[in-house]
Amino acid sequence: MKVFFPPRHMPGIRLEGEVLEGGAGGGKPCVVSHPHPLAGGTMRHPVVEGLWRAAAAAGLRALRYNFRGVGESTGELTAKSPLAIADLLGAIDFLGGGPVLAIGYSYGARTTLHAIHAGAPIERAVLAGLPTRSPKNAAAMANLFLGRRVRTEEFIPYTEPELVASSSKPLLIIAGEKDPLVEPDEYRSRGIEPVILPGLNHFFSRRLGNEPPDPRDMALLCEKAISFLRC
């Protein structure tokens with residue numbers, strides 16, 4: 001079912017979303033947030049699609065939505081915009097105001113984590129491909145799509161590992177073994193053990209570029225995510 005709702009405290013903007021009712025309806029609400037709009041992220045990204053459908057299949061009331069400026073969502077996000085926490089909070093408001101379960105992928109994972117630290121009523125969250133750093137040079141950007149690491153790549157560190165470590169909410173970090181944006185030891189050094197999926201890149205794929213995951217790999221990602229949310 002297609003829906004529209006405003007970001008919190010932004011009545012002049014409307015966000016596009018889709019709801020899948022788990023089971024006979026009335027399941028616990030779950031909001032799914034997509035990758036960065038400026039990198040082509042939308043709520044129809046294959047990873048988001050798979051996780052959203054898996055959440056509904058598990059009996060949850062699953063909402064995926066487009067951040068500002070994506071699809072039929074109005075407004076705009078730019079390279080200088082802060083994380084779209086207001087958009088996520090608007091999605092939570094649409095679902096009844098919380099508490100909710102949450103799944104975020106890449107930029108959506110960052111937005112979810114920062115929303116939790118801002119007091120969003122999120123019970124527990126799956127953070128898929130949550131970056132510990134961002135590309136600083138062309139080699140790092142190329143390796144993101146090639147799924148490899150070379151010494152000439154340079155990155156800018158994020159504060160996400162510290163935020164995960166200081167969160168009072170149950171969080172699950174899932175990342176591909178060949179994701180150059182995620183340094184698992186940044187989590188492990190803070191007592192967090194991420195789930196690392198062998199052979200997969202930032203897009204949870206074994207292929208070059210932003211290609212959809214193989215069905216078996218997508219099924220494994222969904223299994224890990226949903227098992228955690230059902231705890």
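Every number in this text was worked out from the coordinates using simple rules, so none of it is lab data. Please read all numbers here as calculations on a predicted model, not as lab measurements. All Cβ positions, glycine included, derive from the backbone under ideal geometry; neighbour counts span all protein chains shown.
Numbers for the structure displayed
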read-out	value
Computed lengthening from K169 to A219, 0.36 nm per intervening residue step minus Cα-Cα distance	15.5 nm
Förster radius 35 Å - calculated FRET efficiency between K2 and R148, Cβ distance, rounded to 0.05	0.35
Burial ordering of C30, C231, fewest other beta-carbon atoms within 10 Å first	C231, C30
Square roots of five times the Cα gyration tensor eigenvalues for the stretch 24-128, Å	20, 15, 12
Distance histogram for the stretch 84-154 (every C-alpha pair counted, 5 angstrom bins, percent rounded to whole numbers)	4, 16, 23, 17, 11, 10, 10, 7, 3, 0
Alpha-carbon centroid distance for the pair the stretch 6-41 / the stretch 181-231, whole angstrom	22 Å
For L89, L51, order by how many other beta-carbon atoms lie within 10 Å, fewest first	L89, L51
Share of alpha-carbon pairs per 10 Å distance bin for the chain, given as whole %	8, 36, 38, 16, 2, 0
Neighbour-limited loop hits for trypsin sites (Lys or Arg not before Pro), the stretch 183-222 (at most 15 other Cβ within 10 Å; DSSP other than H, G, I, E, B)	R190, R207
Order of H117, H202 - criterion: other Cβ atoms within 10 Å of each residue's Cβ, fewest first	H117, H202
Structure-based [θ]222 nm, the chain - -39500 (n - 2.57) summed over DSSP H runs of at least 4, per residue, nearest 500	-8500 deg cm²/dmol
Difference of contour (0.36 nm per residue) and Cα-Cα distance, A138 to L38	34.3 nm
